[in-house]
Amino acid sequence: MEKGLLKEALIKYVSGIVLLFVLLFLPAGDLKWKNGWLFMGLLFIPMFIAGIIMYLKAPDLLRSRLNAKEKQSEQKDVIAYSGLMFLFSFILAGLNERFHWLSLPSWTVAAASVIFLLSYGLFGEVLRENSYLSRTIEVRQGQKVVDTGLYGIVRHPMYMATLFLFLSMPLILNSPVSFLIMLAYIPIIVKRIRNEEEVLEKELEGYKEYKTKIRYRLIPHVW
């Protein structure tokens, strides 16, 4: 067992919990906010389980997922924009709860919770299918094109999963205002995908042929 990897994973996990708690509950001013606790549970319980599985079964994948240092300068802007998007979305969700600006019907929150968990499962399947996945845009030594499973449907199933994950988040938090903010993820992810495909075409053997075989990038019959 790699104690250093476990320590790094636990530090980032706990830091994420603390940061999200502050961003949500401090603006909300209410520790009894049910939607806030619901979202925390939906996010961090599966994350903990997935982290344990990766640590035991695929430590190299866990290590690559913990690495967030982008080499592509263009992607540093994408990360910055994404950070601002999450920051404003979560803070506004808390403020929406405090001041009761807008609300959604209960069925919307329930449906968004189901979509979130299904998307989480989709994300896990992508990790299972592609052991080369990293949080940064890079081509690793010995990497090969994966064209089966979800990769036989769209070229970027991981981003497809995150699209539904992120758009369901503000709905779980009962915040239409935050949902509008989170829509910024669409142009952000389009920018990231275009840059990533430029890198893969240059550095990953067989990727050009894969692009001709699999037409859609993100959502079948849409884009």
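The values are calculated or read from the model by the stated rules, or taken from the named source; none is laboratory data. These numbers come from a predicted model, not from an experiment. Here the Cβ is made from the backbone with ideal geometry for all residues, glycine too, and neighbour counts use every protein chain on show.
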Contact list please: Cβ distance under 6 Å, first residue in segment 172-193 and of a type outside the set (A, V, I, L, M, F, W, C), second residue assigned to a loop (DSSP other than H, G, I, E, B) and surrounded by fewer than 20 Cβ atoms within 10 Å (Cβ to Cβ), pairs at least six apart or on different chains.
Asn174/Ser103; Asn174/Leu104; Pro176/Leu102
Where residues in segment 122-132 are of a type outside the set (S, T, N, Q) and surrounded by fewer than 16 Cβ atoms within 10 Å (Cβ to Cβ), which of them is modelled with the highest pLDDT?
Glu125
In the list Tyr185, Tyr159, which residue meets the criterion of being closer than 16 Å to Gly124 by Cα, crowded, with 18+ Cβ neighbours inside 10 Å and of a type outside the set (A, V, I, L, M, F, W, C)?
Tyr159
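Just checking, which of Ser119, Ser113, Ser103 is of a type outside the set (Lys, Arg) and surrounded by fewer than 18 Cβ atoms within 10 Å (Cβ to Cβ)? Walk me through how you get there before you give the answer.
On the way: Ser119 fails: surrounded by fewer than 18 Cβ atoms within 10 Å (Cβ to Cβ); Ser113 fails: surrounded by fewer than 18 Cβ atoms within 10 Å (Cβ to Cβ).
Residue meeting the stated conditions: Ser103.
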Set Glu74, Glu70: member being charged (D, E, K, R), assigned to a helix (DSSP H, G or I) and either modelled with pLDDT of 95 or more or surrounded by 13 or more Cβ atoms within 10 Å (Cβ to Cβ) (or both)
Glu74
Among the residues of segment 153-166, which ones are touching a residue at least 40 places away in the same chain (Cβ under 8 Å) and either in a helix (DSSP H, G or I) or under 15 Å from the mean Cα position of the chain (by Cα) (or both)?
His156, Tyr159, Met160, Ala161, Thr162, Leu163, Phe164, Leu165
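Name the residue, out of Arg128, Arg194, Arg155, that is among the basic types (Lys, Arg) and under 18 Å from Met47 (Cα atoms).
Numbers: Arg194 fails: under 18 Å from Met47 (Cα atoms); Arg155 fails: under 18 Å from Met47 (Cα atoms).
Going through Arg128, Arg194, Arg155 in turn, just one is among the basic types (Lys, Arg) and under 18 Å from Met47 (Cα atoms): Arg128.
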Quick check, is Leu95 over 22 Å from Lys191 (Cβ atoms), hydrophobic (A, V, I, L, M, F, W, C), at pLDDT 95 or above and in a helix (DSSP H, G or I)?
yes
Can you say whether Asn96 is in contact with a Pro (Cβ under 9 Å, 6 or more places away or on another chain) and surrounded by 12 or more Cβ atoms within 10 Å (Cβ to Cβ), as far as the supplied structure shows?
yes
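Do we have any residue at all in segment 102-120 that's more than 20 Å from Leu167 (Cβ to Cβ) and either under 18 Å from the mean Cα position of the chain (by Cα) or modelled with pLDDT of 85 or more (or both)? Break it down into steps so the answer makes sense when it comes.
Quick first cut of segment 102-120, residues more than 20 Å from Leu167 (Cβ to Cβ) only: none.
Scanning segment 102-120, I find no residue that is more than 20 Å from Leu167 (Cβ to Cβ) and either under 18 Å from the mean Cα position of the chain (by Cα) or modelled with pLDDT of 85 or more (or both), so the answer is no.
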Selection from segment 54-63 of residues that are within 18 Å of the chain's Cα centre (by Cα) and surrounded by fewer than 18 Cβ atoms within 10 Å (Cβ to Cβ):
Arg63
Hey, Glu203 hits all of (1) surrounded by 14 or more Cβ atoms within 10 Å (Cβ to Cβ); (2) over 16 Å from the mean Cα position of the chain (by Cα) but one; which does it fall short on?
(1)
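Using the structure shown, decide if Val145 is modelled with pLDDT under 90, closer than 28 Å to Asp77 by Cα and aliphatic (A, V, I, L, M).
Values: modelled with pLDDT under 90: yes; closer than 28 Å to Asp77 by Cα: yes; aliphatic (A, V, I, L, M): yes.
Answer is yes for this residue.
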